[in-house]
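**Student:** Okay, here's the structure, questions in a sec.
Here, each number is a calculation from the coordinates, and none is a lab measurement. Just so it is clear, the model here is predicted, and its values are computed rather than measured. Counting neighbours? That spans all protein chains shown, and the Cβs are built from the backbone with ideal geometry, glycine included.
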Amino acid sequence: MKNRNLIDSFNNAINGIICAIKSERNMKIHICTAIVVFIMSIFFDLTKAEFLIVCISVAMVIVSELFNTAIEELVNMITTGYHPKVKIIKDVSAGAVLVSAFFAVIVGYFVFFEHVSTGLESGVERIRQYPMHITIIALIVTVSVVLVLKAVTGKGTPLRGGLPSGHAAIASAITTAVALWSINSKITLLCIVLSLLVIQSRLEAKIHNFIEVFIGAVIGFLITLLLFQTFL
């Protein structure tokens, strides 16, 4: 069936990624590896070109695995018995993942070797000098935790409803980052008011209940506070 609106399109796409992660062991490995690679990219002084190359390499591996999963599901739906052609189809799609992963490892080696040899300390110091980096990391971690919890609880969709509230988590994370980063109490107060309005809108629209928005707000607050306390 055709998606009714843009939100449904995004929800279905995210659900597809979540299904692949939950059902495929290799996808779990790819996602964990991608997270480690991106964290390393933040710690080490990569150029813009190097970072873009890393992003493209990671995307190629994950996209290849998504196509591989889709092809396997399609073939399994068509036939349940053994057939030489089916084996070839699955082997070729798996081979595409292997090729992309192999070249991603080569890219990672050449990009990170020199940076790793210079040490981790300079990367940590750079993050401390730019709190915006910590804020971005906090938002990424917060969104990831929210999506994982929604997948585990099975309630709502990735972008609407369910436990916890993603809007409340993100609003809380941003407000916490501003409060810890800025010395201007007026800006902090404004962010608190805006966060409360976001939470109130989710309650008024009956998209979330109080427990869902409360847990979301706590998650955003704790993750951001932990990261700022770690790096600053």
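**Student:** Of Leu149, Leu180, Ala96, which is farthest along the charge dipole of the chain in the positive direction, counting Lys and Arg as +1 and Asp and Glu as -1 at C-beta?
**Tutor:** In the chain, that residue is Leu149.
**Student:** Right, here's the next one. Quote the charge dipole size of the chain about the Cα centre in Debye, to the nearest 20; the model charges only the Cβ of Lys and Arg (+1) and of Asp and Glu (-1). Walk me through the intermediate numbers first.
**Tutor:** Numbers: 17 positive and 13 negative charges, 139 e Å.
With only Lys, Arg, Asp and Glu charged at Cβ, the dipole is about 660 debye.
**Student:** May I pose another question? R0 = 25 Å: FRET efficiency of Thr80 with Cys19, Cβ-based, nearest 0.05? Kindly include the intermediate steps, with their values, before the conclusion.
**Tutor:** Values: r = 20 Å, r/R0 = 0.79.
That pair, Thr80 with Cys19, gives E of 0.80.
**Student:** When the convex hull of the Cα atoms of the range 6-119 is projected onto a plane and the area is averaged over all directions, what value comes out in nm²? The partial results should precede the final answer.
**Tutor:** Values: hull surface 35.5 nm².
That works out to 8.9 nm².
**Student:** Next question. Step through the residues of the range 66-72 one at a time and calculate ³J(HN,Hα) from phi using the Karplus curve (6.51 cos²θ - 1.76 cosθ + 1.60, θ = phi - 60°), rounding each to whole Hz and writing x for Gly and Pro.
**Tutor:** Rounded to whole hertz, the list is 5, 5, 4, 5, 4, 5, 4.
**Student:** When a/c reaches 1.5 or more, the comparison of a/b and b/c decides; with that in mind, is the range 130-231 rounded, prolate or oblate per its Cα gyration tensor?
**Tutor:** Cα axes put the range 130-231 in the oblate bin.
**Student:** Would you list His115, His83 from fewest to most Cβ contacts within 10 Å? Show your work: numbers first, answer last.
**Tutor:** Values: His115 18, His83 11.
By the 10 Å Cβ count, ascending, the order reads His83, His115.
**Student:** Normalised by the number of residues in the chain, what is the relative contact order in percent for Cα pairs under 8 Å and 6+ residues apart? Don't skip to the end; give the middle numbers.
**Tutor:** Values: 211 pairs, mean separation 45.8, N = 232.
Dividing the mean separation by the residue count of the chain yields 20 percent.
**Student:** Out of Leu66, Leu197, Leu139, any idea which swings most in a Gaussian network model of the chain, alpha carbons joined below 10 Å?
**Tutor:** Leu197
**Student:** Right, something else. Quick one: what are the phi-derived ³J(HN,Hα) couplings along the range 80-87, Karplus 6.51/-1.76/1.60 with θ = phi - 60°, whole Hz, x for glycine and proline?
**Tutor:** 10, x, 7, 8, x, 5, 5, 4
**Student:** Can you order the peptides 107-113, 141-147 by their average number of other Cβ atoms within 10 Å per residue, highest first?
**Tutor:** So the order, starting with the most tightly packed, is 141-147, 107-113.
**Student:** Order of Ile192, Ile62 from fewest to most other C-beta atoms within 10 Å? Display every interim value, and only then the final one.
**Tutor:** Numbers: Ile192 16, Ile62 21.
Arranged by neighbour count, lowest to highest, Ile192, Ile62 become Ile192, Ile62.
**Student:** Considering the options Thr47, Ile31, Val111, tell which one lies farthest towards the positive end of the dipole of the range 6-119, charges being +1 on Lys and Arg and -1 on Asp and Glu at the Cβ, about the Cα centre.
**Tutor:** Working it through, the farthest residue towards the positive pole turns out to be Ile31.
**Student:** Taking the Cβ of each residue in Glu65, Glu72 as the centre, tally the other Cβ atoms inside 10 Å and list the residues starting with the fewest. If you can, show how the numbers build up before the last one.
**Tutor:** Values: Glu65 24, Glu72 17.
Result, fewest neighbours first: Glu72, Glu65.
**Student:** Under 8 Å for C-alpha pairs, at least 6 residues apart: give me the relative contact order for the range 130-231, rounded to a whole percent. Mind dumping the intermediate values first?
**Tutor:** Details: 132 pairs, mean separation 38.4, N = 102.
So the answer I get is 38 percent.
**Student:** For the chain, just the Cα set please: Rg and Dmax, both in angstrom.
**Tutor:** Just the Cα atoms of the chain yield Rg and Dmax of 20.9, 69 Å.
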